[in-house]
Amino acid sequence: MDTMSLLMQGFAVALTPESIMFAVIGAILGTLIGALPGLGPANGVAILIPLAFSLGLSPTSSLILLTSVYAGAMYGGRISSILLNIPGDEPAMMTCLDGYPMAVKGKAAEALAISAIASFIGSFIATIGLVILAPILAKFALRFGPSEYFALFALAFATLGGITGKNQFKTLMAAAIGLMIATVGIDISTGVQRFTFNTLELFEGVDFIIAIVGLFAISELLFFLERHAGDGLKQVAINKLKLSAKDIIKVLPASLRGAVLGFVAGVLPGAGASLGSFISYTLEKRVSDKGEFGKGDPRGVAAPEAGNNGAASGALVPMLTLGVPGSGTTAVLLAMLISLNISPGPMLFQQNADLVWGVIAAMFVGNLVLLLLNIPMVGIFVKLLSIPPKYLMPIVTLIASVGIYSVSHSALDLYFMVGFGVAGYIFRKVDIPLVPIILGMLLGPEMEKSLRHALVLSDGDWSVLFNSGLSIGLWTVAILGLVLPIIVGPIVRAKMKKSKESVKDV
Amino acid sequence: MRINDRVFGMLMLILAVAYGWEATQFPIPFGGHESVGPETFPIMLSIILGISSIYMIVRPDPDEAWAPVPMLLELSVVVLSMLAFAWAIEPIGFMPAAALVVSFLSWRMGASVVKSLITGVTSSVVIFFLFNNVLELALPLGLLEF
């Protein structure tokens, strides 16, 4: 009952004209960002953070704006999957399997509409799940002491590669690099300068927002140039929408199943949206395939779409309650929270209750906005999608740099951004994942602080890190998360590849 | 070929050692030694980085192809142009600098000269006015101040 009244207060925040305006702007921008191939949700949110920051938006408004962008990007990802057979981001990959064949058969509009409805159902159910689960988890997390937190952070890094991770050592290496960057600057508890080389600019450490924009956006630009991808791709023409209530009812069960599975995958560490949409698709295929899957079955569009949107909302649960994000985009949202001086974690639900519930309520509103936007306005998004990247990418880069510049009006920040861009390009060439680097930079200070607290309380006895059932449990999961992918990973990857290839043969 | 991982692993190993050594050189904080000092966490990190880079050297993954040399040169030129933009934004002003860099980028991505100039000039002017007048974030005018 308590939750309900808090949620109602949340709606009171989310339904003010200002909040609705930010939700609408966020939804439109997000859909656009998600629809452009190569400009995934993490990228889009990263570019918008410095803007929201330098515009001086209130924490609630900026969070509403950015969560709507996040949700919108998940909606947008499907547009390029269906029309171009190219997923806008990784989780949208499974939507290609049946979405593109539908579009080729001249049912592009139906595929888009069905996927919009499925996305809505996915997010809606997962947001309800978030409302139920988050407060429980937050209450539970209050029992965490510093050594449990240290274990939890280790778990976050260990499972970040996900069950499909290729090389666990590269994930570890990336995490170490990120954490190392976080140690640059004046040490908070002793005032000792670390790795600053007496440079004034490094005393406060390296700003993670600059790193995020550089690593994601600038390296993406370099990859675009290298691949000569400036001309964009040919897309399937869109037809006139003919969708009856019967068609919608037919995909409802698939969407509901997908939503629940996606939510669970999103909450669990190491699973994430890609696995959410993959599981939803394979289960749906097993339950209701009569030889139509892979050839344009609407249920094959609905299930993975509901799954990846469900997972996207589910991923917010660990981010908000524990302060430990499970995916790249939630890591970027965490960056937003930290730069607004809000520390996520169990205390968030007590200290900033109106903010959290406002944002959750805004997710309901944003989803409704997205559904309303996406069915009639899909034509406009498709038009924008046909602007070739050779005009769009430079402008996006410009907007990103303006955002960075206006945070502190310093050209030095821009040099850093370009530097991180080059580093990101090299990292991607040697297959070092970027997300653990970002997460390392974000979580580094907190992780070190909890290590120190734990060790100071135990007077330097390292066994304190493993002395409660809870922390042993967390360490176990962390080790499993690190070791399992080495065994299971190749099998799951092979399966994903197989289902993708079987479609190409058709 | 499995050169990339070996070379990168080697570089990271050097970084790990240098970083770890630097951490042992921190001055002793005011108030004397404690069980955990500013160097504890960095030393742990350097060990993790060291282990994973040794693994990378011993068991490298297959290489992803690097771009051919002309493309690498072109990418360096693009990077330089962005650095030049960063340098020019204050003395020359946002609009000219942005117009130049956006035109250059879109030309390098394959747009025709005229079209890329149009893209550059329009986007920089629109963004300037959007930021200065609508969002009220001042961008430097530079040479256009007079």
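The values are calculated or read from the model by the stated rules, or taken from the named source; none is laboratory data. Fair warning: this is a prediction, and the values are worked out from it, not measured in the lab. Virtual Cβ from ideal backbone geometry, glycine too; neighbours counted across all protein chains shown.
Name the one entry in A:Met21, A:Met4, A:Met93 that is within 26 Å of A:Lys495 (Cα to Cα), in a helix (DSSP H, G or I) and not basic (Lys, Arg). Quick ask: steps written out before the conclusion?
Details: A:Met21 fails: within 26 Å of A:Lys495 (Cα to Cα); A:Met4 fails: within 26 Å of A:Lys495 (Cα to Cα).
Of A:Met21, A:Met4, A:Met93, the one residue that is within 26 Å of A:Lys495 (Cα to Cα), in a helix (DSSP H, G or I) and not basic (Lys, Arg) is A:Met93.
Would a scan of region A:394-406 turn up a residue that is in contact with a Phe, Trp or Tyr (Cβ under 6 Å, 6 or more places away or on another chain), within 10 Å of another protein chain (Cβ to nearest Cβ) and buried (at least 23 other Cβ atoms within 10 Å of the Cβ)?
No, region A:394-406 contains no residue that is in contact with a Phe, Trp or Tyr (Cβ under 6 Å, 6 or more places away or on another chain), within 10 Å of another protein chain (Cβ to nearest Cβ) and buried (at least 23 other Cβ atoms within 10 Å of the Cβ).
Kindly list the number of the only condition in (1) within 7 Å of chain B (Cβ to nearest Cβ); (2) under 22 Å from the mean Cα position of the chain (by Cα); (3) closer than 25 Å to A:Ala158 by Cβ that fails for A:Glu448.
Here A:Glu448 meets the rest and fails (2).
Checking the structure you have, find out if any residue of region B:52-67 is among the acidic types (Asp, Glu), closer than 22 Å to A:Gly421 by Cα, modelled with pLDDT under 90 and assigned by TED's automatic domain parsing to the domain that holds B:Leu137.
Checked against the condition, which is being among the acidic types (Asp, Glu), closer than 22 Å to A:Gly421 by Cα, modelled with pLDDT under 90 and assigned by TED's automatic domain parsing to the domain that holds B:Leu137, region B:52-67 yields no hits at all.
Pick from A:Gly10, A:Gly76, A:Gly99, A:Gly72: which is closer than 22 Å to A:Phe124 by Cβ, buried (at least 21 other Cβ atoms within 10 Å of the Cβ) and out of contact with any Ser or Thr (no Cβ under 9 Å at 6 or more places or on another chain)?
From the options A:Gly10, A:Gly76, A:Gly99, A:Gly72, the qualifying one is A:Gly10.
Go through region A:249-265 and give me each residue that's charged (D, E, K, R) and closer than 14 Å to A:Ala111 by Cα.
Hit for region A:249-265 is A:Lys250, nothing else.
What are the residues in region A:411-435 that are modelled with pLDDT of 90 or more and of a type outside the set (Gly, Ala, Ser), if any?
A:Leu414, A:Tyr415, A:Phe416, A:Met417, A:Val418, A:Phe420, A:Val422, A:Tyr425, A:Ile426, A:Phe427
So A:Asn374 ticks every box in (1) of a type outside the set (A, V, I, L, M); (2) over 25 Å from A:Leu65 (Cα atoms); (3) more than 8 Å from chain B (Cβ to nearest Cβ); (4) in contact with a Phe, Trp or Tyr (Cβ under 8 Å, 6 or more places away or on another chain) but one. Which box is left unticked?
(2)
What residue, of A:Leu32, A:Leu55, is surrounded by fewer than 24 Cβ atoms within 10 Å (Cβ to Cβ) and in contact with a Gly (Cβ under 9 Å, 6 or more places away or on another chain)?
Only one candidate passes the filter, namely A:Leu32.
Given the condition modelled with pLDDT of 85 or more, more than 14 Å from chain B (Cβ to nearest Cβ) and under 18 Å from the mean Cα position of the chain (by Cα), answer yes or no: does some residue in region A:160-170 qualify?
So in region A:160-170, the residues modelled with pLDDT of 85 or more come out as A:169-170.
Applying the additional criterion that residues be more than 14 Å from chain B (Cβ to nearest Cβ) yields none.
Within region A:160-170 (the criterion being modelled with pLDDT of 85 or more, more than 14 Å from chain B (Cβ to nearest Cβ) and under 18 Å from the mean Cα position of the chain (by Cα)), the answer is no, since none of the residues qualifies.
Would you pick out the residues in region A:426-441 that are in a helix (DSSP H, G or I) and surrounded by 21 or more Cβ atoms within 10 Å (Cβ to Cβ)?
A:Phe427, A:Val435, A:Pro436, A:Ile437, A:Ile438, A:Leu439, A:Gly440, A:Met441
From the list B:Ser81, B:Ser106, pick out the single residue that is within 9 Å of chain A (Cβ to nearest Cβ) and among the polar types (S, T, N, Q).
It is B:Ser106.
How about region B:61-74: which of its residues are in contact (Cβ under 8 Å) with a residue 40 or more places away in the chain and more than 9 Å from chain A (Cβ to nearest Cβ)?
Once the filter is applied, which keeps residues that are in contact (Cβ under 8 Å) with a residue 40 or more places away in the chain and more than 9 Å from chain A (Cβ to nearest Cβ), region B:61-74 yields only B:Pro62.
Only residues in region A:183-210 that are more than 8 Å from chain B (Cβ to nearest Cβ) and touching a residue at least 12 places away in the same chain (Cβ under 8 Å) count as the first member; pair them with residues that are part of a loop (DSSP other than H, G, I, E, B) and of a type in the set (D, E, K, R), Cβ under 7 angstrom, at least 6 apart or cross-chain, and list the lot.
Filtered contacts from region A:183-210: A:Gly185/A:Glu204.
Which numbered condition in (1) part of a loop (DSSP other than H, G, I, E, B); (2) surrounded by 24 or more Cβ atoms within 10 Å (Cβ to Cβ) is the only one that A:Thr330 fails?
The number of the failed condition is (1).
Just the residues that are surrounded by fewer than 18 Cβ atoms within 10 Å (Cβ to Cβ), closer than 12 Å to B:Met82 by Cβ and either of a type in the set (A, V, I, L, M, F, W, C) or touching a residue at least 24 places away in the same chain (Cβ under 8 Å) (or both), please, taken from region A:412-421.
A:Gly419
Given the condition farther than 25 Å from A:Gly185 by Cα and under 25 Å from the mean Cα position of the chain (by Cα), answer yes or no: does some residue in region A:455-469 qualify?
No: region A:455-469 contains no residue that is farther than 25 Å from A:Gly185 by Cα and under 25 Å from the mean Cα position of the chain (by Cα).
Applying the selection to region B:116-146, what residues are surrounded by 15 or more Cβ atoms within 10 Å (Cβ to Cβ), closer than 14 Å to A:Pro394 by Cβ and not hydroxyl-bearing (Ser, Thr, Tyr)?
B:Leu117, B:Ile118, B:Gly120, B:Val121, B:Ile127
Output the number of residues of region B:1-51 satisfying the condition of being buried (at least 19 other Cβ atoms within 10 Å of the Cβ), at pLDDT below 85 and either over 18 Å from A:Glu448 (Cβ atoms) or more than 8 Å from every other protein chain (Cβ to nearest Cβ) (or both).
Count: 2.
Check off (1) under 23 Å from the mean Cα position of the chain (by Cα); (2) farther than 30 Å from B:Ser103 by Cα; (3) modelled with pLDDT under 85 for A:Leu385 and give me the number that stays unchecked.
(2)
If you go through region A:446-471 one residue at a time, how many are in contact with a helix residue (DSSP H, G or I) (Cβ under 6 Å, 6 or more places away or on another chain) and surrounded by 14 or more Cβ atoms within 10 Å (Cβ to Cβ)? Walk me through how you get there before you give the answer.
Taking region A:446-471 and keeping what is in contact with a helix residue (DSSP H, G or I) (Cβ under 6 Å, 6 or more places away or on another chain), we get A:447-448, A:450-451, A:453-454, A:458, A:464-466, A:470-471.
Restricting the remaining residues to those that are surrounded by 14 or more Cβ atoms within 10 Å (Cβ to Cβ) gives A:447-448, A:450-451, A:453-454, A:458, A:464-465, A:470-471.
Matching residues across region A:446-471 total 11.
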